[in-house]
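My structure is below; once you've seen it, I'll send some questions.
The values are calculated or read from the model by the stated rules, or taken from the named source; none is laboratory data. As the structure is a prediction and not an experimental result, all values here were calculated from the model. Every residue, glycine as well, gets a Cβ built from its backbone with ideal geometry; the counts of neighbours run over all protein chains shown.
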């Protein structure tokens, strides 16, 4: 029996209207994300990956096609879908705890519940000792932990990640990948993550979707049958290397 998709895109196409003419960004993209799955999306720069994520988040209406959340049309942003961008976009005048609590404040969550959920998110993201720190005092990796925690604090069903570690140095990026694996193992959200790193995609995902050049369209799906839990120790294992090469060939066919 087929597993029902929690979030799906059906025949999504999108065209940007500009003074210089129409710019096609996506062409007939169909994908399905089942509950508690972790999917990574890779492809060449400019192929529409970020546009697709914004459409899936309800932040952008597609020119054609539709998005379904739990079987119902998604036409605007909802709390059930969280999104994290490459830049953390934290409010510099609010502390770490204040940034984490912001979605709960906007939702009118009672103060006692808000404090408890903020405390729990500080613990989950490993930021217990930085609750009173301001964003200017944080490293890039710590700022992205806050951004991920802020997206998770209202308990969305789906988490969309748009190259969240792209601005980090290589070592911090690897550490953040392990942190994300740990957080996902605790909460098991449905995740779709855009990344330009093939090893990162193979390390994190249950399957990797590959997009072709603009207008973006899906050209391949690579299942990742590596056992969980996973760690950076996998990176040089033969199975991991073979899967990375399979994804790479899908992006750059011979």
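Given (1) over 20 Å from residue 164 (Cβ atoms); (2) at pLDDT 95 or above, where does residue 75 come up short, assuming only one miss?
Failing condition for residue 75: (2).
Another question about this same structure. Among (1) in contact (Cβ under 8 Å) with a residue 12 or more places away in the chain; (2) assigned to a loop (DSSP other than H, G, I, E, B); (3) out of contact with any helix residue (DSSP H, G or I) (no Cβ under 6 Å at 6 or more places or on another chain); (4) farther than 21 Å from residue 44 by Cβ, there is one condition residue 186 misses while meeting the rest; what is its number?
Every listed condition holds for residue 186 apart from (2).
I would also like to ask the following. If you scan the range 86-109, which residues turn out to be more than 21 Å from residue 126 (Cβ to Cβ) and either assigned to a strand (DSSP E or B) or at pLDDT below 95 (or both)?
Correct list: 105, 106, 107, 108, 109.
For residue 234, only one of the following conditions fails: (1) surrounded by fewer than 13 Cβ atoms within 10 Å (Cβ to Cβ); (2) under 25 Å from residue 124 (Cα atoms); (3) without any contact (Cβ under 8 Å) to a residue 40 or more places away in the chain. What is its number?
Looking at each condition in turn, residue 234 falls short on (1).
Looking at 77, 97, can you tell me which residue is under 22 Å from residue 182 (Cβ atoms) and without any contact (Cβ under 8 Å) to a residue 40 or more places away in the chain?
Only one candidate passes the filter, namely 97.
Let me ask something else about it. Can you pull out every residue in the range 199-216 that is surrounded by 18 or more Cβ atoms within 10 Å (Cβ to Cβ), modelled with pLDDT of 95 or more and in a loop (DSSP other than H, G, I, E, B)?
Answer for the range 199-216, where residues must be surrounded by 18 or more Cβ atoms within 10 Å (Cβ to Cβ), modelled with pLDDT of 95 or more and in a loop (DSSP other than H, G, I, E, B): just 205.
Next question. Would you point out the residue of the range 73-93, among those that are touching a helix residue (DSSP H, G or I) at 6+ places or on another chain (Cβ under 7 Å) and surrounded by 15 or more Cβ atoms within 10 Å (Cβ to Cβ), that is farthest from residue 136 (Cα to Cα)?
The extreme case among them is 82.
Further, regarding this structure: Can you pull out the residues in the range 189-198 that are within 21 Å of residue 167 (Cβ to Cβ) and not in a loop (DSSP other than H, G, I, E, B)?
Of everything in the range 189-198, those that are within 21 Å of residue 167 (Cβ to Cβ) and not in a loop (DSSP other than H, G, I, E, B) turn out to be 191, 192, 193, 194, 198.
Still on this structure, please answer the following. Could you say whether any residue in the range 61-72 is closer than 23 Å to residue 172 by Cβ and in contact (Cβ under 8 Å) with a residue 24 or more places away in the chain?
Within the range 61-72, none of the residues are closer than 23 Å to residue 172 by Cβ and in contact (Cβ under 8 Å) with a residue 24 or more places away in the chain.
Inside the range 1-72, counting only strands (runs of 3 or more DSSP E) that do not spill past its ends, which hold 2 or more residues that are at pLDDT 95 or above and surrounded by fewer than 21 Cβ atoms within 10 Å (Cβ to Cβ)?
5-18, 21-34, 64-69
In addition: Quick one: which of 148, 83 is in contact with a strand residue (DSSP E or B) (Cβ under 8 Å, 6 or more places away or on another chain), closer than 30 Å to residue 26 by Cβ and assigned to a helix (DSSP H, G or I)?
After applying the criteria, what remains is 148.
Suppose we filter 209, 168, 204 for residues that are within 24 Å of residue 248 (Cβ to Cβ) and out of contact with any strand residue (DSSP E or B) (no Cβ under 7 Å at 6 or more places or on another chain); which single one remains?
Among 209, 168, 204, only 168 is within 24 Å of residue 248 (Cβ to Cβ) and out of contact with any strand residue (DSSP E or B) (no Cβ under 7 Å at 6 or more places or on another chain).
Of the conditions (1) at pLDDT 95 or above; (2) within 13 Å of the chain's Cα centre (by Cα), residue 181 clears all except one; give me its number.
(1)
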